[in-house]
Amino acid sequence: MNAFGVFGLIFLSCLLHVSWNALSKGCQDREAFTWMVTLTGLLFVLPWFVVSRVFCPGALSWPVLGCAAASGFFESLYFIFLFWSYKHVDLSVAYPLSRGVAPVATLLFGGLVADAPQAAHL
C-alpha cells in the first residue's frame, strides 16, 4: 500500500470517529445506541473471524476464549461508562479521560495476564 492509501485509511478512520462521537452525543436513547454499536461491531468482525478460522485453523483453548470473553466484557463496560459520562459531563471532559484510560489500564493490568509491556514497547 502506498502513502496515499495509508493517508486515505487514516482519513476514513478520522471521519468515522468524528461521526461516531457526533451521533453518540446527540442520541436520546443512549442505552439502545450502546447496544447497537456493540452488536454492529460484533456483526462486522464475526465474518472475518469465521473466514480466518477456515483458512488458518488452530486450537481455540479455554484460556484464549476466556481472554476473548474478558475483552468483550471490558469493552462493553467502556461503552456503558462512556455514554453515562456523556450524559453527565461535557464531551470535552469525558472524551479525553475515556481515551486515556486504555493505555494506563494496559500498563497497570497487563502484568495480570503475563503480557506487560517491555521497556522497548514503552
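The values are calculated or read from the model by the stated rules, or taken from the named source; none is laboratory data. Model, not experiment: these values are computed from the prediction. As a convention, Cβ positions derive from the backbone with ideal geometry for all residues, glycine included, and neighbour counts pool all protein chains shown. Side chains included, ligands, DNA and RNA excluded: accessible areas come from the protein's heavy atoms. Shrake-Rupley method; radii C 1.70, N 1.55, O 1.52, S 1.80 Å.
Considering (1) modelled with pLDDT of 80 or more; (2) closer than 29 Å to Gly110 by Cβ; (3) hydroxyl-bearing (Ser, Thr, Tyr), the lone condition that Ser19 does not fulfil carries the number (2). Pairs linking a residue in region 4-33 that is within 20 Å of Phe83 (Cα to Cα) to a residue that is assigned to a helix (DSSP H, G or I) and among the charged types (D, E, K, R), with Cβ atoms under 8 Å and 6 or more positions apart or on different chains, are Ser24/Arg30; Arg30/Lys87.
Kindly establish whether Leu97 is under 30 Å from Ala119 (Cα atoms), open to solvent by 70 Å² or more (accessible area, probe 1.4 Å) and part of a helix (DSSP H, G or I). Outline the logic, then answer.
Details: under 30 Å from Ala119 (Cα atoms): yes; open to solvent by 70 Å² or more (accessible area, probe 1.4 Å): yes; part of a helix (DSSP H, G or I): yes.
Judged against the criteria, Leu97 is a match.
Criterion applied to Cys56, Cys67 was being touching a residue at least 24 places away in the same chain (Cβ under 8 Å), farther than 24 Å from Trp84 by Cα and open to solvent by 70 Å² or more (accessible area, probe 1.4 Å), and the one residue passing it is Cys67.
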